[in-house]
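Novice: Shown below is the structure under consideration.
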Amino acid sequence: MPNTFGHLFRITTWGESHGGGVGVVVDGCPPRLPLSEEEIQRELNRRRPGQSRLTTQRKESDRVEILSGTLEGLTLGTPILLWVRNEDARPEAYEEMREVFRPSHADYTYQAKYGIRNWMGGG
């Protein structure tokens, strides 16, 4: 099962929650559409960590970086790479989860999909 979704407009997700970061490749976006980090950041801020007891309490700024696919605030028609760097990744905090599936997480789905499980937070 892939991490890529869509046909004409495709997204591919990547990364781990307790690794270097998480991101997405957006492919199929037409050129010359306005797109900025600020615009995306406004949406990310709506789910920023630490805003309630239901979100992670890790200290993450969740700052998006556009690494490719735009120039001067416009899409180029080439794949767009977005990255959110992890700043407070603590994989050792999940040592007790090495043998136990976490409730409300995708641990079992991850193992079923890939045949291996990233117990440190597969993202």
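The values are calculated or read from the model by the stated rules, or taken from the named source; none is laboratory data. Small disclaimer: the values here were computed from a predicted structure and weren't measured. Cβ coordinates were reconstructed from backbone atoms using ideal geometry, including for glycine residues, and neighbour counts include every protein chain displayed. Note: areas computed on protein heavy atoms with side chains; ligands, DNA, RNA excluded. Shrake-Rupley method; radii C 1.70, N 1.55, O 1.52, S 1.80 Å.
Novice: Not counting ligands, DNA or RNA, and with a 1.4 Å probe, what is HIS105's accessible surface area in Å² rounded to the nearest 10?
Specialist: Accessible area of HIS105: about 100 Å².
Novice: Would you mind computing, in nm to one decimal, how far apart the modelled labels at ILE116 and THR12 are, each placed 7 Å from Cα along Cα→Cβ?
Specialist: Each label point lies 7 Å from its Cα, and together they span 1.8 nm.
Novice: With Cβ to Cβ distances under 15 Å as the rule, what net charge do the other residues near THR109 carry (K, R +1; D, E -1)?
Specialist: With Lys, Arg at +1 and Asp, Glu at -1, the neighbours total +1.
Novice: With label points built 7 Å along Cα→Cβ from the Cα atoms of ARG46 and ALA106, find their separation and express it in nm.
Specialist: Here the answer is 2.0 nm between the modelled labels.
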